[in-house]
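A.B. asks: Please find one structure pasted underneath; my questions will follow.
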Amino acid sequence: MLPAVSRQAPPRRGAANGPLLTVRHVTKHFPVRGGVLLRTIGHIHAVDDVSFEVERGENLGLVGESGCGKTTIGRVILRIYPPTAGAVFFDGRDIASLSRRELATKMQIIFQDPYGSLNPRVTVGSSIGESMEINKIGTRQERMDRVRAIMEVVGLYSQYAQRYPHEFSGGQRQRVGLARALVLHPELIVCDEPVSALDVSIQSQILNLLKDLQGEFGLTYLFISHNLAVVKYVCSRVAVMYLGKLAEVAGVDELFRMPLHPYTQALMAAIPVPDPRQRRDRDEVQGEPPSSTRPPSGCRFHTRCPLAQDVCREAEPVLTNYGHDHWVACHAVDQRLGRGTPSVSSP
Amino acid sequence: MNPVLTAGDQIGEIVRTHWHYRRRDRVRRAIEMLRNVGIPQPEQRLKAYPHELSGGMRQRLMIGIALACEPQLLLADEPVTAVDVTIQSQILRLIKRLRDRTGMALLLITHDLGVVAEVADDVAMMYAGQIVEQADVHTLFVTPKHPYTKGLLDSIPTLATDRRQRLSVIRGTVPHMLRLPKGCLFEPRCPFAMNVCRDLRPEIQRLDDGRVVRCHLYPEPPSGRAGEPVVRSEPEVRLATGGV
């Protein structure tokens, strides 16, 4: 579909076995500074010992509330932040060992805010072509041709390449964001709340486009969102995060049919349903997420959990496979089902 | 909120201005309001500044400020858009409870149809500065009549949406307010647009079921040339549907 470009990134390794992306025991702490000397007085535990894998062509949804670490994970995966501990492997290779160009041609990101993520003084054509320029891919003419081609793919007139971001609507800007991410033919795109900032009537256009592009380019998405309905539509597997930890990971049908973690259940109960016939007085989860500078002992959800017992305050539950690749970290589930096998592997 | 005023002062300010409360009464009222909106340990939180409160607590405080003088109408502009889902349902429940207890009316402004379905009795759907349909919440959600209402309700993915199907879309984007269409404002995006819709802006009208709608399709689509569907030029449609 795109014109061939010389000196292109090295050809993709054939459909290798093993996952496309492996996140191994990734921890990311941010220092909190304070006092007169701005000494480190604590750490925000944004992500604590998180492991999971993403298979080629699957869409993994990462859901949770603000501050749970889902965006941080996305950024560690893209090497925007170095992890405090742990490592990320792409196609079996540690991303720390990849060159910047290799990294850019393997993984890209689209951001939530299509207004804030484009430089207002740069034409959208230059924005889209920037990553090719930085990585010295193709000649000027080839880059321009590819920018135009990719604009058509995401549903923008290529004649608009000379225009500036303010001349575009929110939905069109998000298409520009997608074009930027696609122009280097990455294999994985981290979508960080890609439709949350858009008008409701535009969201479905972008979601359809994401699905179409996946078919056309053989993409894999790591889809970060707080909107469970959107995640259910786009993703094949879902990981639920709470305060920097994975609470539950399962296939999308399995998870929505039988959410096991009390937090997942609370999240699902809390979504307002656009149907007044389903109006109900729900059992809502009490309280608010505690501070991630001093996360609670034991299970991090115990301060809000209706099923909390002594063990939850003391011991941290282990993410355990209960069959059908349904992983849960919860003492109450453990006692109820009791057939799980905590293992060294990860979802 | 004013970042240099404490929670107590924020509430105190409004009862001083409108009710001319003295200091001791202001403090009493502030504690009362903090308690009403479910902020724990109100005596201590009185001295907290907005930045010391979490997002959910700040929204509760906002509601406390708004309700301190017992208004008859609460205007809530996207009250839960900036807060997380689990906090969202707490805030909505709080608003509903306070509404039922005080008997005030609530004008809830939101883009979230889920929130509307959860809280509202009546709904007015707006498009480009006009009300296009207004009805009680059941009528509007169960049998929407205006093509915009229908399109919007159809396009939202819900937990019941089939993953294998494409989402239905409303093509195009909201018109620029300085370049509004001559006829119906929704005509350029409307799948049911007729010739009359291009030429004539529809008036708002009441239908037999009591709802109000602004659309030429009702009560009957016009006959003859006026009622023929609009023929659209290709490029507009191509761009609008994303070209894929």
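Values quoted throughout were computed directly from the atomic coordinates according to the rules given, and no laboratory measurement underlies them. Keep in mind it's a predicted model, so treat the numbers as computed, not measured. Note that we place each Cβ from the backbone using ideal geometry, even for glycine, and neighbour counts take in every protein chain shown.
A.B. asks: Could you work out the pair-distance distribution P(r) of chain A from its alpha-carbon pairs, with 10 angstrom bin width and percents rounded to whole numbers?
C.D. replies: With a bin width of 10 Å, the distribution comes to 5, 23, 31, 24, 13, 4, 0.
A.B. asks: Which of the DSSP-defined H helices in chain A satisfy a minimum axial length of 15 Å, computed from C-alpha atoms, and a minimum mean Kyte-Doolittle hydropathy of -1.0?
C.D. replies: Taking the DSSP H segments of chain A (at least 15 Å long, mean hydropathy at least -1.0), we get A:124-134, A:140-153, A:170-182, A:200-217.
A.B. asks: To continue, here is another question. Work from the charge dipole of the protein assembly as shown (Cβ charges, +1 for Lys and Arg, -1 for Asp and Glu, about the Cα centre) and give the residue of B:116, A:264, A:184 farthest towards its positive end.
C.D. replies: Going by the charge dipole, the pick is A:184.
A.B. asks: A follow-up question, please. Using the Cα centre of the range A:232-347 as origin and beta-carbon charges of +1 (Lys, Arg) and -1 (Asp, Glu), tell me which of A:276, A:293, A:234 is placed farthest towards the positive end of the dipole.
C.D. replies: Positive-most Cα among the choices belongs to A:276.
A.B. asks: For the range B:38-108, restrict the atom set to alpha-carbon positions and state the Rg and Dmax in Å.
C.D. replies: Gyration radius and largest Cα-Cα distance of the range B:38-108: 12.1, 32 Å.
A.B. asks: If you place +1 on the Cβ of every Lys and Arg and -1 on the Cβ of every Asp and Glu, how big does the dipole about the Cα centre of chain A come out, in debye to the nearest 20? Let's see the in-between values first.
C.D. replies: On the way: 40 positive and 35 negative charges, 183 e Å.
For this selection, approximately 880 debye.
A.B. asks: Given the options A:111, A:131, A:45, identify the residue whose Cα lies farthest towards the positive end of the charge dipole of the range A:21-235 (+1 on Cβ of Lys, Arg; -1 on Cβ of Asp, Glu).
C.D. replies: A:131
A.B. asks: What pairs in A:28/B:47; A:106/A:136; A:232/B:96; A:70/A:232; A:106/A:211; A:211/A:232 have C-alpha atoms more than 22 Å from each other? List each step's numbers first, then the result.
C.D. replies: Numbers: A:28/B:47 34 Å; A:106/A:136 16 Å; A:232/B:96 29 Å; A:70/A:232 17 Å; A:106/A:211 19 Å; A:211/A:232 13 Å.
Distance filter (> 22 Å) returns A:28/B:47; A:232/B:96.
A.B. asks: Helix B:23-36: angle to the longest alpha-carbon principal axis of chain B, degrees 0 to 90, nearest 10?
C.D. replies: On a 0 to 90 degree scale, this one is about 50.
A.B. asks: Hey, what number do you get for the protein assembly as shown at 222 nm if only DSSP H runs of n ≥ 4 count, each worth -39500 (n - 2.57), divided across all residues, to the nearest 500? Can you show the working numbers first?
C.D. replies: Details: 21 runs with 201 residues, N = 591.
Taken over the protein assembly as shown, the calculation gives -10000 deg cm²/dmol.
A.B. asks: How high is the relative contact order of chain A, in percent, counting Cα pairs under 8 Å that sit 6 or more residues apart? Don't jump to the answer; show the numbers that get you there.
C.D. replies: Values: 638 pairs, mean separation 65.8, N = 347.
Reported relative contact order: 19 percent.
A.B. asks: Name the aspartates and glutamates eligible as straight-distance cross-link partners of residue B:182: C-alpha to C-alpha under 15 Å, and not fewer than 8 places from it in the same chain.
C.D. replies: Excluding near neighbours in sequence, the set is B:199, B:203.
A.B. asks: Can you tell me the FRET efficiency between residue A:310 and residue A:66 if r is taken as the Cβ-Cβ distance and R0 is 30 Å, rounded to the nearest 0.05?
C.D. replies: On the way: r = 30 Å, r/R0 = 1.00.
It comes out at approximately 0.50.
A.B. asks: Okay, moving on. Report the percentage of all Cα-Cα pairs in the protein assembly as shown whose separation exceeds 39 Å, rounded to a whole percent.
C.D. replies: Every Cα pair in the protein assembly as shown considered, those over 39 Å come to 38 percent.
A.B. asks: Run the quick spin-label model on residue A:136 and residue B:142: label points 7 Å from Cα toward the beta carbon, then report their separation in nm to one decimal.
C.D. replies: Reported label-point gap for residue A:136 and residue B:142 is 6.8 nm.
A.B. asks: Counting Lys +1, Arg +1, Asp -1, Glu -1, what net charge surrounds residue B:47 among other residues with beta carbon under 14 Å of its beta carbon?
C.D. replies: -1
A.B. asks: Can you give the local net charge around residue A:277? Use residues other than it whose beta-carbon is closer than 13 angstrom to its beta-carbon, Lys and Arg +1, Asp and Glu -1. Mind dumping the intermediate values first?
C.D. replies: Working: positive: A:279, A:280; negative: A:275, B:118, B:136.
Local net charge: -1.
A.B. asks: Considering all alpha-carbon pairs of chain B, what whole percent are spaced by more than 26 angstrom?
C.D. replies: Working: 15837 of 29646 pairs.
So the portion of pairs separated by more than 26 Å is 53 percent.
A.B. asks: Whole number please: convex hull volume per residue, Cα atoms of the range B:16-153, in Å³.
C.D. replies: Values: hull volume 17.8 nm³, N = 138.
Enclosed volume per residue, from the Cα hull, is 129 Å³.
A.B. asks: Please report the net charge: other residues with Cβ closer than 12 Å to the Cβ of residue B:57, K and R +1, D and E -1.
C.D. replies: Taking every Cβ under 12 Å from that of residue B:57, the sum is +1.
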